[in-house]
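*Asks:* Pasting a structure below so you can have a look.
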Amino acid sequence: KMTQQMRDLQLAQARKPPGPSSPNAAKRLYRNLSGKFRVNYTSFDEGSLVGRGEKEKLRKSYLFQSNAALFEAVELQDLDRVQEMLKHYSPEELDLNTPNSEGLLPLDIAIMTNNAPIARALLQAGAKESPHFVSLESRSLHLSTLVREAEQRVNELMAQVVNEAPNADCSEKEKQLKAWEWRFRLYKRMKAGFEHARVPDAPSSVHLSVASSSSLQVTFCEPLSVNSAVVTKYKVEWSCSPTFSPLLGEAVIDKLKDLHFTIQGLVSGTAYHIRVSAYNMKGWGSPQTSTPPFAIPSNWREYDGRAPRRRGQAEALDHLLGQVKTVHQHCICHEPCKNQPQSRKHSVSKSLKHLFHPGSKFLKTLKRGLYLTAIFYKDDNILVTHEDQIPVVEIDDSYSCLLMQDFLWLTKVSCMWDEILWLRQCVTVSQSSCSCILQTRFKMLLAISQMQGLLGIQDLGQVFFEPVKDKQGNILIVTLKEVKTNQTFESVRWVPICKLQSSRKSVSSPEEPTALDTLLISLQDKLAYHQRSSHALSAGLYLGYLKLCSAVDQIRVLVPEQLPNILCHVKIRSNPNISREEWEWLQKMASVEEPLPTEPEADRSQNPLFQELQVAIKELMTLVNIPLQEAKDFRLYSQEVLDFGDQVSFLLLLPPSDDVCTAPGQNNPYTPRSGFLTLPLQIFELGEER
């Protein structure tokens, strides 16, 4: 066994932060007994080695030490040490699937000593069983040989210790004798573990579901019995016959992190039967058929042959935009742009004037008007001007139009930051006769171009869902963008957010803060909103709740703060597909003039989707603070399933038609709990597209 000093040395080396230092465990005891496995474990410095040959020797020694340390930890049944090594070192560094001199792998020792926790940890890391054991007889013979040779070695050493006089050599022989006695007991325990083991029971909770029109998904759990040996792999079989004769296919699953398997390439409309069996060192156990016993690959669209709603829409919009650009190429609004290169002197003098124009720089303070500010952040840092101000440019100093309509227009413009110059050229047609709205929007485009020019970047990010206002008449439109790489920008620099917030000197009172002060105070909340709005849901089928409220100039939608780009929702199941049979049942439910059921009925108790919906509806009603008895008047939207890619789909739960949208001044008797906000409907739609 390892000495305490060797243990301390190994842990100290494993915790060194720099470099790929190996565990450097002590030599395994039984390897000390064979001269051909002796290795010099002296310390070394890789930088002092010269030549590729020395470095290759270092690499081999490093792998050997890692492998030896792992074997020792498994043999000593040290679960903490095994987990620590698997966490800090890759399977290649540990040489995880290379047999030792006895033809054993770490997983072999773990399962034959019936150490389930270590065996599971090794399996999660990708460990395999030794390929030398091609049959039960070969494994039994190998273990018997190891026991016999270890017993023989113990007897030889015992005779030498008894017959020799006490001296230094005798002391060394006694150490070897203790080591071999320990190994002899280990092999006997492994042999007994193998002899007493039996084949595993059938897997539990084998569930079959329809994944698509050409695939089925089967999920399962470990066998319930804890008396058999550790299961190291599973086998999924499928057939069109309930007797599984003939078999259409099978798949062996030896990566046991997630116990599920998707069977691809099946024929839509054909019934398939599935069964799963488990394997341990004694062989394959009896199979377990799935629940339900068969399934038919299908998709809800097959019910009426409906094509995906968004098929070809992006391409059609790109084509339409291209046509619009083509029409405007020879428009009079583009003539100034074409004529500029002809007069270089005029262009240079105009650009020089632009440098000294007050509007060509970031603003330090706000007057009464409409402004644009761009917030770029990376980790805990934010971009500011050289005066330690958030970049702000003026849009209009005499703004008097309808803000919400112009604001929502700007949010749509944010989807095409690279086209601002082209949009400006199109809007400049007969500007003198433009309406107030068109003039304001032209000024917005000018401000965007100015911000892009000062920062030296086109993409200003996502527009925050509402402007920041103050009582002095200032309005700030805020854009947010997270910078992933170490980009450099013109006229700005990075500073910590906390430093900016603490160092800024407010020129307003706490009772009436300016728009800039309000922005700084709420900056963390806005950054959190921006980050959350880009999060994606995990794969699955969800139940969403659609609730709207209207105001004079907009309609807003209720969303969760943690995921503001998605409706209020709960997860129904991990499988996003709605099969044709499930959709037919939902259509039948929708055609019955009865309230949505909240209590189970005998004829529906065997319908998995009905049971899943019951649980989801109760959870969703609790989430949005609506009494469950009110759900009897709710309806499932039965026109379509909302698909978001291939991995996320939604069923919508709708309040009664009179309550879907709360009118201005109308009280909502059931106020959602904290953790929700309402977004303008157009902002929500843009966030969903992103």
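The values are calculated or read from the model by the stated rules, or taken from the named source; none is laboratory data. The structure presented is a predicted model; accordingly, all values stated were derived computationally and were not measured. Backbone-built Cβ (ideal geometry, glycine too); neighbour counts: all protein chains shown. When the accessible area is computed, the model is the full protein with side chains, heavy atoms only, and any ligands, DNA or RNA have been set aside. Shrake-Rupley method; radii C 1.70, N 1.55, O 1.52, S 1.80 Å.
*Asks:* Could you list, ordered by first residue, the pairs with Cβ atoms under 7 Å in which the first is in region 473-496 and aromatic (F, W, Y) and the second is open to solvent by less than 10 Å² (accessible area, probe 1.4 Å), at least 6 apart or interchain?
*Replies:* Cβ pairs passing all conditions: F489/L383; F489/L455; W494/L383.
Condition check ((1) of a type outside the set (A, V, I, L, M, F, W, C); (2) within 30 Å of F634 (Cα to Cα); (3) open to solvent by 50 Å² or more (accessible area, probe 1.4 Å); (4) part of a loop (DSSP other than H, G, I, E, B)) across all residues:
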| position | (1), (2), (3), (4) |
| --- | --- |
| L537 | no, yes, no, yes |
| G544 | yes, yes, no, no |
| R556 | yes, yes, no, no |
| V559 | no, yes, no, no |
| Q562 | yes, yes, yes, yes |
| N565 | yes, yes, no, yes |
| H569 | yes, yes, no, no |
| N577 | yes, yes, no, yes |
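*Asks:* If I ask for residues that are within 24 Å of P91 (Cα to Cα) and of a type in the set (G, A, S), which ones from region 225-250 would you list?
*Replies:* Step one: of region 225-250, the residues within 24 Å of P91 (Cα to Cα) are 229-234.
Correct list: A229 only.
*Asks:* Related question: Six or more apart or on different chains, Cβ under 9 Å: which pairs go from a residue in region 167-179 that's modelled with pLDDT under 85 to one that's among the acidic types (D, E)? Could you list them?
*Replies:* Once the first residue is modelled with pLDDT under 85 and sits in region 167-179, its partners that are among the acidic types (D, E) give C170/E164; K173/E164.
*Asks:* Could you run through region 429-450 and say how many residues are out of contact with any Leu (no Cβ under 6 Å at 6 or more places or on another chain) and either at pLDDT 90 or above or in a helix (DSSP H, G or I) (or both)?
*Replies:* Step one: filter region 429-450 for residues out of contact with any Leu (no Cβ under 6 Å at 6 or more places or on another chain), giving 429-443, 446, 448-450.
Those left that are additionally either at pLDDT 90 or above or in a helix (DSSP H, G or I) (or both): 431-433, 436-443, 446, 448-450.
Counting residues in region 429-450 that are out of contact with any Leu (no Cβ under 6 Å at 6 or more places or on another chain) and either at pLDDT 90 or above or in a helix (DSSP H, G or I) (or both) gives 15.
*Asks:* Looking only at strands (runs of 3 or more DSSP E) that fall completely inside region 185-263, which ones have 2 or more residues that are open to solvent by less than 40 Å² (accessible area, probe 1.4 Å) and not acidic (D, E)?
*Replies:* 204-212, 215-221, 233-239, 249-253
*Asks:* Out of (1) of a type in the set (A, V, I, L, M, F, W, C); (2) under 28 Å from the mean Cα position of the chain (by Cα); (3) in the same structural domain as V624 (by the TED database), the odd one out for L527 is which?
*Replies:* Here L527 clears every test but (3).
*Asks:* I'm trying to understand the selection: among the residues of region 290-301, which are assigned to a helix (DSSP H, G or I) and either among the basic types (K, R) or open to solvent by 60 Å² or more (accessible area, probe 1.4 Å) (or both)?
*Replies:* Pass one, region 290-301, residues assigned to a helix (DSSP H, G or I): 300-301.
Across region 290-301, the qualifying residue is only R301.
*Asks:* In this structure, does A316 turn out to be at pLDDT below 95, assigned to a helix (DSSP H, G or I) and not assigned by the TED database to the domain that holds R139?
*Replies:* Working: at pLDDT below 95: yes; assigned to a helix (DSSP H, G or I): yes; not assigned by the TED database to the domain that holds R139: yes.
So A316 fits the description; yes.
*Asks:* To continue, here is another question. If you go through region 499-506 one residue at a time, do you hit one that is over 26 Å from I395 (Cβ atoms), of a type in the set (G, A, S), outside the structural domain of D659 (by the TED database) and open to solvent by 70 Å² or more (accessible area, probe 1.4 Å)? Working first, answer last.
*Replies:* From region 499-506, those over 26 Å from I395 (Cβ atoms) are 499, 502-503; that's our starting set.
Still in the list and also of a type in the set (G, A, S): 502-503.
So of that shortlist, the ones also outside the structural domain of D659 (by the TED database) come out as 502-503.
Filter again for open to solvent by 70 Å² or more (accessible area, probe 1.4 Å), leaving 502.
There is at least one residue in region 499-506 that is over 26 Å from I395 (Cβ atoms), of a type in the set (G, A, S), outside the structural domain of D659 (by the TED database) and open to solvent by 70 Å² or more (accessible area, probe 1.4 Å).
*Asks:* For region 485-494, does any single residue satisfy the condition of being more than 30 Å from K618 (Cα to Cα), assigned to a helix (DSSP H, G or I) and open to solvent by 80 Å² or more (accessible area, probe 1.4 Å)?
*Replies:* Step one: filter region 485-494 for residues more than 30 Å from K618 (Cα to Cα), giving 485-494.
Still in the list and also assigned to a helix (DSSP H, G or I): none.
Scanning region 485-494 turns up no residue that is more than 30 Å from K618 (Cα to Cα), assigned to a helix (DSSP H, G or I) and open to solvent by 80 Å² or more (accessible area, probe 1.4 Å).
*Asks:* Yes or no: K361 at negative phi, modelled with pLDDT under 85 and loosely packed, with under 12 Cβ neighbours inside 10 Å? Let's see the steps before the verdict.
*Replies:* Details: at negative phi: yes; modelled with pLDDT under 85: yes; loosely packed, with under 12 Cβ neighbours inside 10 Å: no.
No; evaluated as a whole, the condition is false for this residue.
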